[in-house]
Amino acid sequence: MTAQILDGKQLAQQIRTELKQKITLTQASPELAVIIVGNDPASEIYVRSKEKACQEVGIKVETFRLTSDISAEELNELIDLLNNSSAVNGILVQLPLPRHLNPQEILTRIKPEKDVDGFHPLNTGLIIQKQPSAFIPCTPKGILRLIHTVKQDLSGLNAVVIGRSQVVGLPVSHLLLNENCTVTIAHSKTKNLSEICKKADILIASVGKPEFVTEDFIKPDAIIIDVGINRTNDGIKGDVKYNEASEKASYITPVPGGVGPMTIAMLLENTYEAFLKQNRS
Ligand code: NAP
């Protein structure tokens, strides 16, 4: 049996259409400030698609393009300015940053209530404490939203997350734990990885290695979420060998068209939520 596709592109479009309707009904538009440092071509592509998506739903976006030699002090000054601007609802610093800038320090400078990427330690803590006020990082939030389209109650399911990054692996593991999954977090030092993955009802691959997850990692009827975006000579590949995996799984996300569009839709949603929270009297 071939797995059904978890169509992130379609769901993201639906979320964007609904957001656009809500924003049209409000008197003012939400505003997102985007900071990009240096000229990493992949980051530039991501920023441009975020700008376009914002404009389509009626979110104002202002992008600050900074040279790669900017100092931490100068960058922090800009963040402080945006933190204190009543017009700006959300602030996003595009990663990765040049090596001389410490991402944790820079991201911690953003006011938690404007942290629409959900990377501030306060938001991380709120997620662990299951507080609904947390800004949830966009990719993990999008992953959960996709899984919930096919399975509402995840209680008791075995979830294996390959990868423990701050951006994807760790936060998605917390979200799955909050859903009462039994969560295993695997990483580069994990032994017997395929054996562990074979027990997963939900398998999330966030490794950054093209087609790393093969058929022998997959439990029959598992839900497979492929986070990877790997540029290869044969085009963009996910972390999962799609053809093999889809023969065994019940549901699978394609790359492209799975998690990627959901990440952007969740950024729009978080920005809108920030706007609502800041304008609540
Ligand atoms: P990352 O920070 O590089 O983390 C990769 C993780 O994979 C690390 O925890 C690493 O373990 C683990 N790993 C590496 N080799 C492994 C192996 N042989 N066995 C088991 N685990 C291994 O990457 P990331 O930020 O999570 O991103 C992963 C992928 O997702 C990339 O392709 C990225 O482009 C993509 N991505 C996509 C989206 C989207 O919207 N679709 C968003 C973010 C990222 P250690 O911790 O031990 O090093």
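The values are calculated or read from the model by the stated rules, or taken from the named source; none is laboratory data. Computed from a prediction, not measured in an experiment: that's the story for all the values here. Because the Cβ atoms are built from the backbone with ideal geometry, glycine has one as well, and the counts that use them run over all protein chains shown. Side chains included, ligands, DNA and RNA excluded: accessible areas come from the protein's heavy atoms. Shrake-Rupley method; radii C 1.70, N 1.55, O 1.52, S 1.80 Å.
Structure notes:
- For the chain, the solvent-accessible area works out to 49 Å² per residue, with a probe of 1.4 Å and every protein chain left in place.
- For the chain, the share of alpha carbon pairs falling in successive 10 Å distance bins from zero is 7, 28, 35, 23, 7, 0 percent.
- Reach of Lys191 by Cα under 17 Å, taken over lysines that are not fewer than 8 positions away in the same chain: Lys199
- Neighbourhood net charge (13 Å Cβ-Cβ; Lys/Arg +1, Asp/Glu -1) for Glu215: 0
- Solvent-accessible ranking of Tyr251, Tyr272, Tyr242, largest area first, probe 1.4 Å: Tyr242, Tyr251, Tyr272
- Too-long pairs where the Cα-Cα distance tops 31 Å, listed order kept, from Lys20/Lys241; Lys189/Lys237; Lys198/Lys277; Lys50/Lys248: Lys20/Lys241; Lys198/Lys277; Lys50/Lys248
- Burial ranking of peptide ranges 3-14, 68-79 (average Cβ count within 10 Å, highest at the top): 3-14, 68-79
- Here the stretch 170-227 and the stretch 104-124 have alpha carbon centers that stand 27 Å from each other.
- Ellipticity estimate at 222 nm from DSSP helix runs (n ≥ 4, -39,500 (n - 2.57)) divided over the chain, nearest 500: -12500 deg cm²/dmol
- Percent accessible area from carbon and sulfur atoms, the stretch 1-78, protein chains only, probe 1.4 Å: 50
- DSSP bridge orientation in the chain - percent antiparallel, rounded to nearest 5: 10
- Look at the alpha carbon pairs under 8 Å that are at least 6 residues apart: their mean separation over the length of the chain gives a relative contact order of 22 percent.
- Cross-link reach list, aspartates and glutamates versus Lys60, counting only Cα pairs under 15 Å and skipping chain neighbours closer than eight places: Glu31, Glu51, Glu269, Glu273
- Using alpha-carbon coordinates, inclination of helix 259-279 to the longest axis of the chain, degrees: 40
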